[in-house]
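Notes follow the structure.
The values are calculated or read from the model by the stated rules, or taken from the named source; none is laboratory data. Everything quoted here is computed from the prediction, not taken from an experiment. Please note: Cβ atoms are built from the backbone with ideal geometry, for glycine as well, and neighbour counts cover all protein chains shown.
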Amino acid sequence: MTSPAAQARTGTNGGSLAEGTGGRSAGRRPRAAGGRSRGRKLRVHAAQLAVFVVIFGGWQLFTSLKIVDPFFFGQPSGIVRTLVDWARHGTGFGSLWQQIWVTMEEAILGFLIGTAGGVLVGVLLGQVRFLSEVLSPYIKALNALPRIVLGALFVVVFGLGIESKVVLASFLVFFVVFFNAFQGVREVDGNLVNNARILGASRLQVVRNVVIPSAMTWIIASLHVAFGFAVIGAIVGEILGAQHGLGVVITNSQNNFETNGIFAGMIIITVIALVAEWLIGLLERRLLAWRPQTTTEASTL
Amino acid sequence: MRSNTPRDSQLAQSGRIELSGVTKRFQTPGGTSFTALRDVTMTVEPGEFCAVVGPSGCGKSTTLTMVAGLDRASEGTVSVGGEPVSGIGRGTSFMFQTDALLPWKTVLGNVAMGPLFRGVPKKNALADARDWLRMVGLAGFEDRHPHQLSGGMRKRVSLAAALINEPKILLMDEPFGALDVQTKAIMSNELLTLWDQSKPSVIFVTHDLEEAIALADKVVVMTAGPGTVKDVFAVDLPRPRGAVQEIRFGGGSPSCTTRSGSRCATR
């Protein structure tokens, strides 16, 4: 299998999500210290602020001057107004917090179920060669399928409630985590396994004490990407058919030609994703505390 | 598994390692077979320290993996304590060339692994591990992780982890190969001291002939392509040997009787 390796490799570097956000701080040196770097940091922050002002100020300016049509492209002030309105008066489907909570619930449940399944199946197939050889073509086929289309099926099967979104989100998460766990198990140092066996470890003890901790680096790296997929699953599921959630709010804005509403929904989702990314970074540092300082940790800051 | 063995001559014999007519062939990816070892016969008596020297690729490590039960001979028999090896034995410890310490466990956790795997209660296992760490001179380092230690200290941890199971057989695959000369000498001394306490049978693989002579009772010389036993030498230096570096630099090595020689002419 070639795709998991490639996927996992980007994963070890902090995940594509982290890389995406890391673009802002690309100039920051993780290991630099002292007064000189503080000045440098200040300059970077100033430049970051400048980028923000240019993009959003320019956006506001051009739409105010009607050089760009605010009807199609929205307007920062309009987006803020929409957000405040949602927060104060609620959306058309209930309070804003309820919509956020529904989407979060779907994404988190999907993330947890998908991760558990991915780790379990990944470790199992990584350990039992026969099983992995038997299932390999089916997994490849499922992986080749654009999994989003399954959302349509799940909405029909599981209805408009949160179940269909949870299933879709966990399905998306499962594959990301599974491939990394599988690869991680395959990459376990044979020396460590042999040593544990000679010291008297049973097969289960080897898995618990050597295989899983060793694959943990890979698994944790995949979680950054996986939470992104969980959010995608939840939102897409809601867009395909739901009664509550940010996806519904966004679709509703779309149907009413309210571009500001679409942007407002995007901003909320971005904030959720960033908070989740930060939490996963904390988890990573805790679970992989044994490791010497690496760039992975620096890039997820 | 073999805990029911009666306390008779069998127990005394259980540290005896015998290889007779052992041949090991590997299947290459191209489909042809490659002979790593051919017709190797050697015996290590209980409590004997046997060094195996030879160029790289002569099947020294392969020999060890077969004695450990990690691999099987293609022909001939490998037996430990009079019984053919049919899997990983309980009384065997292995010290690998590269670190086999778990980087995510603390030093204490690494040493306690052996007893814990064998069902010793956690409290006893940890107390045991602390004792062993003290014995290898690493008291106070219990909570460090392996990457925070120097190469020599990691070797000490490996040694403690290998000896805590009280093996009857200790297999060592160039354990000090990556260390600098001084650290190597210190570790060799320490190994001899610890070995003297419980006297397991040792097969010590190295490509350093001086090291082999300094440590062992018997040196098996192997040649490569395919690996065969060329000759076996007994080393009748008195024990305890004292400082290994003195033997190295002309203390009383059999091939180097003058003290004035700046370096032993064993090569």
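Looking at A:LEU120, A:LEU153, A:LEU124, which one is surrounded by fewer than 18 Cβ atoms within 10 Å (Cβ to Cβ), touching a helix residue (DSSP H, G or I) at 6+ places or on another chain (Cβ under 8 Å) and in the same structural domain as A:GLU238 (by TED's automatic domain parsing)? Even if it seems obvious, please write down each step before you answer.
Working: A:LEU120 fails: touching a helix residue (DSSP H, G or I) at 6+ places or on another chain (Cβ under 8 Å); A:LEU153 fails: touching a helix residue (DSSP H, G or I) at 6+ places or on another chain (Cβ under 8 Å).
Within the list A:LEU120, A:LEU153, A:LEU124, the selection yields A:LEU124.
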Check your understanding: Failed condition for A:LEU160, given (1) away from chain B (no Cβ under 14 Å); (2) in a helix (DSSP H, G or I); (3) among the aliphatic types (A, V, I, L, M); (4) surrounded by fewer than 24 Cβ atoms within 10 Å (Cβ to Cβ), with all others met?
Key -> (2)
**Study point:** Which numbered condition B:GLY76 fails, given (1) within 13 Å of chain A (Cβ to nearest Cβ); (2) in contact with a strand residue (DSSP E or B) (Cβ under 6 Å, 6 or more places away or on another chain)
**Key:** (1)
Exercise for review: Select from the range B:62-88 the residues that are in contact with a helix residue (DSSP H, G or I) (Cβ under 8 Å, 6 or more places away or on another chain) and within 18 Å of B:GLU45 (Cα to Cα) and write down the one among them that is modelled with the lowest pLDDT.
Suggested key: B:GLY82
Check your understanding: Residues of the range A:62-85 being hydrophobic (A, V, I, L, M, F, W, C), modelled with pLDDT under 90 and assigned to a helix (DSSP H, G or I), which ones?
Key -> A:PHE71, A:PHE72, A:PHE73
Study note, to complete from the structure: When every residue in the range B:49-60 that is at pLDDT below 90 and surrounded by 15 or more Cβ atoms within 10 Å (Cβ to Cβ) is compared, the one nearest to B:LEU237 (Cα to Cα) is B:GLY54
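For the range B:202-236, what are the residues that are hydrophobic (A, V, I, L, M, F, W, C) and either assigned to a helix (DSSP H, G or I) or in contact with a helix residue (DSSP H, G or I) (Cβ under 7 Å, 6 or more places away or on another chain) (or both)?
B:VAL202, B:ILE203, B:PHE204, B:VAL205, B:LEU209, B:ALA212, B:ILE213, B:ALA214, B:LEU215, B:VAL219, B:MET222, B:VAL235
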Review point. Looking at the range B:107-137, which of its residues are part of a loop (DSSP other than H, G, I, E, B) and more than 8 Å from chain A (Cβ to nearest Cβ)?
Key: B:GLY119, B:VAL120, B:PRO121, B:VAL136, B:GLY137
Check your understanding: Do the conditions hold for B:THR62, that is, is it within 11 Å of another protein chain (Cβ to nearest Cβ) and either of a type in the set (Val, Ile, Thr) or in contact with a Phe, Trp or Tyr (Cβ under 8 Å, 6 or more places away or on another chain) (or both)?
Key -> no
Exercise for review: Those residues that are closer than 20 Å to B:PRO103 by Cβ and in contact with an Asp or Glu (Cβ under 7 Å, 6 or more places away or on another chain), I need them from the range B:116-135; list them, please.
Suggested key: B:LEU133
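Check every one of the helices (runs of 4 or more DSSP H) wholly within the range A:166-265 and list those with 1 or more residues that are out of contact with any Phe, Trp or Tyr (no Cβ under 8 Å at 6 or more places or on another chain) and under 30 Å from B:GLY119 (Cβ atoms).
Details: elements: A:190-198, A:203-206, A:212-240, A:246-255.
In the range A:166-265, the matching helices (runs of 4 or more DSSP H) lie at A:190-198, A:203-206, A:212-240.
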